[in-house]
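A.B. asks: Please see the structure below; I have some questions.
The values are calculated or read from the model by the stated rules, or taken from the named source; none is laboratory data. The shown structure was predicted, so the numbers you read here are calculated from the model rather than taken from an experiment. Note that we place each Cβ from the backbone using ideal geometry, even for glycine, and neighbour counts take in every protein chain shown.
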């Protein structure tokens, strides 16, 4: 099954509050974005956002330039309907992050919670990092969150790759300086706990 079809099935069969990755508010992501980028005119992209409420909270605290990307148009429509007229203030991309055309040096902040760990093939991960090189401004910030060493082996029926902070940072290479890392224990809607880790890096300015 193609990725687009897989995620369409997920979002048409389950309520957004029933999926395992649901958060009422992406508090850790919002905190790091606010800490690393105080300029409300900064350009931020949320990769693989699905129907996440992070975009709502970014708008609520005053960020002016937000892009939201997901492979599932159904997920994006849920977010757009939730936002109502405020959806017009956001740039929406229904695309595969590995092949999307995001322009050159467009973004100050790249955020991804729970996409990168689905890239089980080395060539996929290399393509993903190349997308960051193209789309992120020199000196831009990258926030990536994946399942940790004690996290699940699968998500939504798909295999994943688990990381610790060192192995995740190593996927991005020497051009990215690790500024912060941490762990978050995510409580799923069914009451189980999933271990997430995150890394916050800066792309070298030259």
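A.B. asks: Going through segment 106-117 one residue at a time, which ones are within 23 Å of residue 151 (Cα to Cα) and surrounded by fewer than 18 Cβ atoms within 10 Å (Cβ to Cβ)?
C.D. replies: Listed by number, the list is empty, since nothing qualifies.
A.B. asks: Could you pull out the residue among 100, 51, 75 that is in the same structural domain as residue 134 (by TED's automatic domain parsing) and either farther than 22 Å from residue 123 by Cα or under 17 Å from the mean Cα position of the chain (by Cα) (or both)?
C.D. replies: After applying the criteria, what remains is 100.
A.B. asks: Sticking with this structure for a sec: Any chance you could count how many residues in segment 59-71 are in a strand (DSSP E or B) and over 10 Å from residue 93 (Cα atoms)? Give the steps one after another, and end with the answer.
C.D. replies: As a first pass, look at segment 59-71 and keep what is in a strand (DSSP E or B): 65-70.
With the extra rule that they be over 10 Å from residue 93 (Cα atoms), the set shrinks to 65-66.
The qualifying residues number 2.
A.B. asks: Could we say that residue 130 is within 23 Å of residue 44 (Cα to Cα) and in contact (Cβ under 8 Å) with a residue 12 or more places away in the chain here? Spell out the reasoning first.
C.D. replies: Values: within 23 Å of residue 44 (Cα to Cα): yes; in contact (Cβ under 8 Å) with a residue 12 or more places away in the chain: no.
For residue 130, the condition - within 23 Å of residue 44 (Cα to Cα) and in contact (Cβ under 8 Å) with a residue 12 or more places away in the chain - is not met.
A.B. asks: Collect the residues in segment 182-199 that are over 18 Å from residue 140 (Cβ atoms) and in a strand (DSSP E or B), keeping them in residue-number order. So that I can check it myself, show each step before the final result.
C.D. replies: Restricting attention to segment 182-199, the residues satisfying the condition of being over 18 Å from residue 140 (Cβ atoms) are 182-197.
Listed by number, the residues that qualify are 182, 183, 184, 185, 186, 187, 193, 194, 195, 196, 197.
A.B. asks: Go through 74, 85, 56 for me and flag whichever is in a helix (DSSP H, G or I) and within 17 Å of residue 113 (Cβ to Cβ). Even if it seems obvious, please write down each step before you answer.
C.D. replies: Working: 74 fails: within 17 Å of residue 113 (Cβ to Cβ); 85 fails: within 17 Å of residue 113 (Cβ to Cβ).
So the residue among 74, 85, 56 that is in a helix (DSSP H, G or I) and within 17 Å of residue 113 (Cβ to Cβ) is 56.
A.B. asks: If you go through segment 49-87, how many residues are within 19 Å of residue 140 (Cβ to Cβ) and modelled with pLDDT under 95?
C.D. replies: 1
A.B. asks: In addition: Just wondering, is there one or more residues in segment 61-72 that are crowded, with 16+ Cβ neighbours inside 10 Å and either farther than 24 Å from residue 133 by Cβ or free of Cβ contacts under 8 Å to residues at least 12 places away in the same chain (or both)? Outline the logic, then answer.
C.D. replies: Our first condition is that a residue be crowded, with 16+ Cβ neighbours inside 10 Å; within segment 61-72, this holds for 63, 65-72.
Okay, now just the ones that are also either farther than 24 Å from residue 133 by Cβ or free of Cβ contacts under 8 Å to residues at least 12 places away in the same chain (or both), so 72.
Yes, the conditions are met somewhere in segment 61-72.
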